[in-house]
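Trainee: Got a structure for you, written out below as structure tokens; questions coming shortly.
The values are calculated or read from the model by the stated rules, or taken from the named source; none is laboratory data. The structure presented is a predicted model; accordingly, all values stated were derived computationally and were not measured. Reconstructed Cβ throughout: ideal geometry from the backbone, glycine too, with neighbour counts over all protein chains shown. Accessible surface areas use protein heavy atoms only, side chains included; no ligands, DNA or RNA. Shrake-Rupley method; radii C 1.70, N 1.55, O 1.52, S 1.80 Å.
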Amino acid sequence: MIVNNSLDEVKKRENAFSIIKDIVKNKGRESLFDLTGLSGGFIASPSEIDLLETYVGPAIFEEELQKVGIEHMGGEKVLPLNRTSSGILATILTLVGENTNVVHYLAELPAHPSIPRSCKLVNANYSETDVFDEFSIPENTSLVVITGSTMDHKVIDENNFKKVIEMAHENNIPVMVDDASGARLRTVVFNQPRACDLGADIAITSTDKLMPGPRGGLMAGRKDLIDEIKVKVNQFGLEAQPPAVLAMLNGIKNFDGDNLIKSFSRKDELFDLLNSNFNNFKTTPTGVMITPEGLAGELDIDHNLSNNDLAFVFSFILLKEHGIITIPPVSMPGASATIRFDLSTNDAFNLNLDSLNKKIISSFNNLKELVTNEDKCGEIVFNF
Ligand SMILES: *Cc1c(COP(=O)(O)O)cnc(C)c1O
């Protein structure tokens with residue numbers, strides 16, 4: 001095993017950043033292709049940046065974000081956060097009591113780890129399912145959670161979405177929607193309503209997923225709940241700071257749904273190219289992906305690596321050899337090791353799909369050579 005625990009994940013992330021830095025320094029930013037679908041954009045004019053003082057910034061930008069954020073998310077009030085995970089944590093700290101139940105329905109397991117981790121912190125009983133018929137709300141439930149679109153971009157069925165909200169509200173239980181990518185993917189590509197319009201009490205999106213904003217979270221929903229949650233957010237320092245708030249505001253203003261729709265059609269072209277050499281790629285709404293299990297299935301060689309380790313080694317080869325950034329090398333501990341090639345962000349527009357296909361094949365051939373040498377695999381992930 002190469003990546004065993006959260007500390008290993010932090011270390012591989014540091015190594016990924018050092019590889020990225022070397023590429024930028026030695027070959028230039030144009031030699032990197034960020035296909036994560038997370039752009040971390042920071043759109044801001046010099047005059048806006050001049051206003052970024054501790055109290056002046058929020059006075060100006062948070063007020064405007066109320067209007068722009070509500071347009072994007074629906075609901076009565078929005079609250080900018082450091083990350084989506086921060087919003088999930090704050091909601092659970094506020095609404096979930098010790099020994100109460102939290103039940104979660106999502107289109108496909110697993111849930112984002114911040115949800116079970118936050119429940120554990122408050123000693124709640126957490127359960128999740130992706131089988132709609134098995135979803136039920138037991139006595140003593142304090143919060144119902146729905147994921148709009150999973151970490152691997154599996155989008156919830158709209159009818160199931162509505163039914164879960166209905167079930168929760170019949171029992172007077174609030175609903176929190178983890179709509180990290182879903183707030184755009186569901187609405188733009190699948191024509192679903194905004195979570196708040198479907199009746200969600202709280203919805204949280206990630207402001208760098210499928211939009212040109214910074215890493216951050218934006219919560220929207222019922223004013224009474226947001227006000228309560230905001231107290232916890234401020235008590236524990238989970239709020240977005242003025243620079244992030246400014247970039248969120250401009251990120252939302254510059255969000256262009258057409259880019260998502262274009263990548264929606266281009267992904268089939270890439271999928272067809274890959275299928276001449278691979279069996280286990282799948283399409284996502286805005287690109288293609290291969291799961292760790294799928295990657296393992298492509299290899300006909302004996303080796304001792306876990307499926308996740310294979311995904312880490314493969315994605316590090318893509319990064320080191322070709323400057324292709326996918327999520328596994330740079331992800332936070334516990335995130336999915338699935339390798340997605342997202343075609344919805346800027347770097348993808350400039351990338352020839354034929355050449356991307358060749359880079360993926362060449363990296364895979366490289367993986368085949370490395371896989372029997374565990375030391376070398378460890379070296380490419382950690383650089384020790
Ligand atoms: C990315 C993601 C999160 C977490 O976002 P952070 O900004 O990393 O906290 C939560 N849930 C889902 C479904 C996600 O895709």
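Trainee: So if I check each of ILE146, ILE115, ILE173, which one is within 16 Å of the ligand (Cβ to nearest atom) and either within 22 Å of ASP224 (Cβ to Cβ) or surrounded by fewer than 17 Cβ atoms within 10 Å (Cβ to Cβ) (or both)?
Mentor: Working: ILE115 fails: either within 22 Å of ASP224 (Cβ to Cβ) or surrounded by fewer than 17 Cβ atoms within 10 Å (Cβ to Cβ) (or both); ILE173 fails: within 16 Å of the ligand (Cβ to nearest atom).
Residue meeting the stated conditions: ILE146.
Trainee: Is segment 45-68 home to any residue that is open to solvent by 30 Å² or more (accessible area, probe 1.4 Å), within 16 Å of the ligand (Cβ to nearest atom) and touching a strand residue (DSSP E or B) at 6+ places or on another chain (Cβ under 9 Å)? Quick ask: steps written out before the conclusion?
Mentor: Keep residues of segment 45-68 that are open to solvent by 30 Å² or more (accessible area, probe 1.4 Å), which gives 45-56, 58-60, 62-64, 66-67.
The next check asks that each one be within 16 Å of the ligand (Cβ to nearest atom); those that pass are none.
No.
Trainee: Still on this structure: Test GLY251 against the stated conditions and say whether it is closer than 15 Å to LEU218 by Cβ and either open to solvent by 50 Å² or more (accessible area, probe 1.4 Å) or touching a Ser or Thr at 6+ places or on another chain (Cβ under 8 Å) (or both). Please lay out each step first, then the result.
Mentor: Values: closer than 15 Å to LEU218 by Cβ: yes; either open to solvent by 50 Å² or more (accessible area, probe 1.4 Å) or touching a Ser or Thr at 6+ places or on another chain (Cβ under 8 Å) (or both): yes.
When the stated conditions are applied, GLY251 passes them.
Trainee: A further question on this structure: Consider segment 193-228. How many of its residues are part of a strand (DSSP E or B) and not charged (D, E, K, R)?
Mentor: Pass one, segment 193-228, residues part of a strand (DSSP E or B): 202-206, 209, 217-221.
Then keep just the ones that are not charged (D, E, K, R); that gives 202-206, 217-221.
Here the count works out to 10.
Trainee: Something else about it: Quick check on segment 284-302: of everything there that is modelled with pLDDT of 95 or more and open to solvent by 50 Å² or more (accessible area, probe 1.4 Å), which residue is farthest from PHE341 (Cα to Cα)?
Mentor: First, the residues of segment 284-302 that are modelled with pLDDT of 95 or more: 288-299.
Right, trim to open to solvent by 50 Å² or more (accessible area, probe 1.4 Å) and you get 293, 297.
Values: GLU293: 17, GLY297: 19 Å.
Result: GLY297.
Trainee: Please identify the pairs in which a residue from segment 73-87 that is under 11 Å from ALA220 (Cβ atoms) and assigned to a helix (DSSP H, G or I) has its Cβ atom under 8 Å from the Cβ atom of a residue that is open to solvent by 10 Å² or more (accessible area, probe 1.4 Å) and away from the ligand (no atom under 15 Å from the Cβ), counting only partners at least 6 apart or on another chain.
Mentor: MET73/ARG194; MET73/CYS196
Trainee: Between VAL131, VAL122, which is more than 16 Å from the ligand (Cβ to nearest atom), surrounded by fewer than 21 Cβ atoms within 10 Å (Cβ to Cβ) and either under 18 Å from GLU98 (Cβ atoms) or touching a residue at least 60 places away in the same chain (Cβ under 8 Å) (or both)? Explain how you work it out, then say what you get.
Mentor: Working: VAL131 fails: either under 18 Å from GLU98 (Cβ atoms) or touching a residue at least 60 places away in the same chain (Cβ under 8 Å) (or both).
Result of the check over VAL131, VAL122: VAL122.
Trainee: Also, I was wondering about something else. Considering segment 199-216 alone, what residues qualify as being surrounded by 22 or more Cβ atoms within 10 Å (Cβ to Cβ) and without any contact (Cβ under 8 Å) to a residue 40 or more places away in the chain?
Mentor: Result: ASP201, single match.
Trainee: Determine, yes or no, whether SER18 is at pLDDT 90 or above, in a helix (DSSP H, G or I) and open to solvent by less than 50 Å² (accessible area, probe 1.4 Å).
Mentor: When the stated conditions are applied, SER18 passes them.
Trainee: What do you reckon, is GLU321 acidic (Asp, Glu), without any contact (Cβ under 8 Å) to a residue 40 or more places away in the chain and touching a helix residue (DSSP H, G or I) at 6+ places or on another chain (Cβ under 9 Å)? First the steps, then the outcome.
Mentor: Values: acidic (Asp, Glu): yes; without any contact (Cβ under 8 Å) to a residue 40 or more places away in the chain: no; touching a helix residue (DSSP H, G or I) at 6+ places or on another chain (Cβ under 9 Å): yes.
No.
Trainee: Further question: Test ALA168 against the criterion of being modelled with pLDDT of 95 or more, away from the ligand (no atom under 15 Å from the Cβ), open to solvent by less than 10 Å² (accessible area, probe 1.4 Å) and farther than 17 Å from GLY69 by Cα, and give yes or no. First the steps, then the outcome.
Mentor: Working: modelled with pLDDT of 95 or more: yes; away from the ligand (no atom under 15 Å from the Cβ): yes; open to solvent by less than 10 Å² (accessible area, probe 1.4 Å): yes; farther than 17 Å from GLY69 by Cα: yes.
So ALA168 passes the test.
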